[in-house]
Amino acid sequence: MNPATCRASARNMSATAGRRLRYRHSPSRRGYATSSFQSESPLAPSQSEIASARQHCLNLVRKYDTPSFLLQSYIPQQSRDAYLAIRAFNLEVARTADTTSTPTIGAMRLQFQRDAVTKALAGTPPKQPIAILLAHALEHLDRRTDGRSKFSKSWFMRIINTREQHLSNPPYPDLAALESYAENTYSTLLYLTLQSLPMASLTADHIASHIGKATGIATILRGLPLLAFPPPPNSHSNQEAFSGAVGSTRQGAVVLPLDIMAQHGVREEEVLRTGAEAQGLKDAVFTVATRANDHLITAREMLKNLRAGQEAGHDFEHAHEEEHIYDVLNMDKPLTRAQEIEKSFGIFMPAVSTTLWLNQLEKHDFDVFAPKLRVTDWRLPWEAFWSYNRRQL
């Protein structure tokens with residue numbers, strides 16, 4: 001074979017090998033899409049997108065959740081993005097009933113939230129501000145802890161599922177059901193925020209559980225006038241129920257526990273007709289508000305006991321749940337319980353705004369329709385500063 005023929009043969013063999021190599025490493029075969037939506041770009045959000053998402057969440061919290069906006073300064077700086085993303089997420093989910101015309105459409109909106117959270121926690125957020133900031137916060141948490149800490153997806157799903165169950169504002173059968181609602185929403189928000197520190201502590205979770213229950217119960221009471229006499233669609237205020245706690249129906253509803261209403265002779269139709277003048281309403285509100293106040297008292301007693309080196313005083317009823325079972329071997333140097341409280345104290349600050357509101361409710365003789373109960377207490381910034389610096393709730 002002459003040299004020219006050899007060179008031609010070599011080129012053909014090289015081309016053939018190249019084709020084989022490209023074929024072996026080519027993507028999977030083409031095919032039609034199986035859904036109407038294409039996956040989002042795998043590229044991470046840019047810094048400008050993250051900054052825009054942060055500002056969006058900040059504006060959302062400022063507009064619809066004044067107490068949380070004012071209390072953000074007590075969250076450690078490294079956890080601030082997570083705090084804003086979690087609070088903005090809560091607002092979006094909580095306001096679903098306000099911004100949709102039927103429970104069916106509301107359920108579709110909540111499914112979008114499930115998908116957005118799932119993708120954000122997987123590191124591929126959709127082009128949605130809350131999901132972008134949540135994914136960024138998770139990435140930052142992962143770097144700070146060398147992958148040892150993360151957000152519990154099940155807690156996000158718990159919040160969404162609980163809100164979905166209450167899209168049409170069904171009545172709470174009893175006070176225990178209302179407490180369960182508060183645990184699955186407001187306490188769970190605090191658990192997620194604790195994870196952002198990170199803080200994997202049964203002690204901190206226990207205190208957060210009581211504060212969340214108190215806040216959730218107080219929020220339902222504060223939202224009662226809005227549900228009984230709902231405003232026009234899409235009419236919102238930055239003073240709404242601590243953080244958009246409840247949805248609304250255009251027909252009007254009274255969401256006090258049925259057992260408490262029966263105990264005090266409260267009839268829904270009378271509340272919808274006469275408002276604050278309904279027989280037994282103030283007594284029913286007092287009973288429910290007392291339970292919220294009891295949770296705050298319990299949280300304060302726990303802080304006192306634990307700082308004194310004593311036991312909490314009672315068992316944590318949710319300690320058996322999987323999310324509260326922590327891998328001690330995978331943690332940094334263990335902290336004492338007093339140190340855990342110190343590190344977590346900023347997360348407990350919603351107790352301050354809840355206490356102020358409950359005190360105002362008592363001042364107005366448990367009339368939830370009193371106009372001054374619809375605005376954030378002007379003393380909150382000062383009371384929060386005093387509480388944080390003295391580490392007292």
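Numerical summary
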quantity: With all protein chains modelled, accessible area of E139 [1.4 Å, Å²]; calculated: 100 Å²
quantity: Q279 versus D174: modelled label distance in nm, points set 7 Å from Cα along the beta carbon direction; calculated: 2.5 nm
quantity: Distance from the stretch 263-330 to the stretch 50-103 (C-alpha centre basis), Å; calculated: 24 Å
quantity: Highest-first arrangement of 387-393, 287-293, 217-223, where packing means the average Cβ count within 10 Å; calculated: 217-223, 287-293, 387-393
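The values are calculated or read from the model by the stated rules, or taken from the named source; none is laboratory data. Worth saying up front: this structure is predicted, and the values here are computed from it rather than measured. Note that each Cβ is placed from the backbone with ideal geometry, even for glycine, and that neighbours are counted across all protein chains shown. Calculation scope for accessible area: heavy atoms of the full protein, side chains included, ligands and nucleic acids excluded. Shrake-Rupley method; radii C 1.70, N 1.55, O 1.52, S 1.80 Å.
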